[in-house]
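Notes to accompany the following structure.
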Amino acid sequence: GTHVELVNYLLGRGDGKAALDAVHAGLNALPDEPRLMLLVAEIHMRAADTDKAIAQYESILKLRPGDELAANNLANLLAEKRGDKASLERALQLAQRFDGVQVDDVHSASPVSIGCLSNPALRVPSC
């Protein structure tokens, strides 16, 4: 919709603050709009605010447990940006749903074959 287009336009201009304001305005009108919810996380990732991006992806997965993009990006952030034992275990839990599946989406933080993440602690037997 128009909210998504506006947010993408503002992001393209490098105006993260205006993009975040626009996405929140869009969510006020359409609170469960999946693309807007993902854009909030993307904006936080671009701003290097990993904790807020992680929290947003967790919120998305509570509302839509089958959201593969949110699960992929969350697993990647937990494994690559946090790396503590609890985060790695959560990333592995998320990654196991993709065992053997190539996830490659332009919105992803870092396209990976999620079941075979670069972090050795997350490798599953099929890697």
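The values are calculated or read from the model by the stated rules, or taken from the named source; none is laboratory data. Predicted, not measured: the structure shown is a model, and the values here were computed from it. Every residue, glycine as well, gets a Cβ built from its backbone with ideal geometry; the counts of neighbours run over all protein chains shown. Keep in mind that these areas ignore ligands, DNA and RNA; they rest on the heavy atoms of the full protein, side chains included. Shrake-Rupley method; radii C 1.70, N 1.55, O 1.52, S 1.80 Å.
Things worth noting here:
- Any hit, the range 30-43, residues being part of a helix (DSSP H, G or I), open to solvent by 60 Å² or more (accessible area, probe 1.4 Å) and acidic (Asp, Glu): no
- Among residues of the range 31-49 that are under 14 Å from Leu78 (Cα atoms), those with a Cβ under 8 angstrom from a residue that is part of a loop (DSSP other than H, G, I, E, B), sequence gap 6+ or separate chain, pair up as Met45/Ala109.
- Members of the range 7-19 that are at pLDDT 90 or above and either in contact with a helix residue (DSSP H, G or I) (Cβ under 6 Å, 6 or more places away or on another chain) or surrounded by 13 or more Cβ atoms within 10 Å (Cβ to Cβ) (or both): Tyr9, Leu10, Ala18, Ala19
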